[in-house]
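What follows is a short report on a single structure.
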Amino acid sequence: MLLAVNISNSNILIGAYENGARQFCSSMHTNPAKSADEYAAQLGSVLALYGVRPADLSGVILSCVVPSMLSCIRGALGRLYAGRIYLVGPGLKTGLSIRTDDPSQVGSELVCCAVAALSMAALPCVIISMDTAISITALDKTGALRGGAILPGVRIGIEALCARTAQLPQIDLCAPADGVLGANTVASMQSGAVFGTACMLDGMIDRFAQALDAAPACIATGELAPVILPHCVHSIEYREHLVLDGLQLLYQKNGKAR
């Protein structure tokens with residue numbers, strides 16, 4: 001069984017795959033204060049929850065966009081699995097053509113998403129990852145990663161708004177029942193967060209289409225994507241496990257070939 005792990009700024013995603021089929025997915029909060037032993041215990045508990053023993057693991061692949069967490073999680077995984085832990089980065093075969101100024105600066109999570117998108121979507125394609133930040137990445141007609149845009153995430157925007165204003169409260173991130181015309185402070189903030197983000201995505205997709213000289217297929221992933229996507233004008237397919245599916249494909253390109 002393959003264990004795929006993605007470390008982002010907010011969450012650590014864990015997925016198990018058997019013969020290419022996803023068996024389960026789970027997540028935990030990213031916490032730099034925890035030790036490798038604590039994470040090993042937590043990862044072991046997740047495996048046990050789904051009836052998997054460390055001895056059942058035949059491969060591990062890891063993606064990380066938080067450099068300070070990398071050695072800790074690798075150490076934790078090493079306590080559960082004695083074999084090679086594949087890391088998304090230089091030296092790993094991706095099959096992805098990255099045509100940016102410095103391909104090494106493209107985050108491993110974006111690489112995973114792009115690899116997965118290439119396996120399932122028409123080209124050109126726009127990939128939207130909604131995590132702590134919102135990353136929008138473009139694959140052109142040839143499947144090459146051409147670049148993209150990075151914006152503050154929805155929660156970051158709300159937190160900054162509340163921190164820098166005297167009377168605005170924390171809110172639940174959902175669309176207000178009365179629509180875009182918020183009739184009170186909370187509804188007005190929800191309108192801005194949800195409908196404003198949806199309009200931003202629609203506008204960026206239009207601009208990406210101009211840059212790519214074609215209307216792109218659109219795929220989104222991330223915890224908040226289901227909240228925002230229903231209010232977009234463009235058709236955007238939601239793929240909850242896009243990053244983990246990309247990790248599984250990358251392992252197939254590398255681990256099974258050796």
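Below are the figures for this structure:
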| item | result |
| --- | --- |
| All positions within region 204-236 that are open to solvent by less than 80 Å² (accessible area, probe 1.4 Å), over 21 Å from Asn11 (Cα atoms) and touching a helix residue (DSSP H, G or I) at 6+ places or on another chain (Cβ under 9 Å) | Pro216, Ala217, Cys218, His231, Cys232, His234, Ile236 |
| In region 169-189, residue nearest to Ile158 (Cα to Cα) [restricted to those that are at pLDDT 90 or above and among the β-branched types (Val, Ile, Thr)] | Val186 |
| So Ser129, is it polar (S, T, N, Q) and in a strand (DSSP E or B) | yes |
| Region 175-188: number of residues that are within 25 Å of Ile136 (Cα to Cα) and open to solvent by 50 Å² or more (accessible area, probe 1.4 Å) | 1 |
| Of all residues making up region 39-65, the number that are open to solvent by 20 Å² or more (accessible area, probe 1.4 Å) and closer than 15 Å to Ser108 by Cβ | 2 |
| Residue match in region 203-211 (condition: in a loop (DSSP other than H, G, I, E, B) and in contact (Cβ under 8 Å) with a residue 40 or more places away in the chain) | no |
| Candidate set from region 65-123 (those that are free of Cβ contacts under 8 Å to residues at least 24 places away in the same chain, under 30 Å from Ala214 (Cβ atoms) and not in a helix (DSSP H, G or I)); member that is nearest to the chain's Cα centre (by Cα) | Asp102 |
| Filtered residue count, region 129-179, keeping only those that are closer than 20 Å to His29 by Cα, touching a Lys or Arg at 6+ places or on another chain (Cβ under 9 Å) and of a type in the set (S, T, N, Q) | 1 |
| Pair list, Cβ < 7 Å and 6+ apart or interchain, from region 10-23 residues that are at negative phi to residues that are open to solvent by 30 Å² or more (accessible area, probe 1.4 Å) and basic (Lys, Arg) | Gly15/Arg22 |
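The values are calculated or read from the model by the stated rules, or taken from the named source; none is laboratory data. Quick caveat: nothing in here was measured; it's all calculated off a predicted structure. So basically every Cβ, Gly included, is an ideal-geometry build from the backbone, and we count neighbours across all protein chains shown. All accessible areas refer to the heavy atoms of the entire protein, side chains included, with ligands and DNA or RNA removed. Shrake-Rupley method; radii C 1.70, N 1.55, O 1.52, S 1.80 Å.
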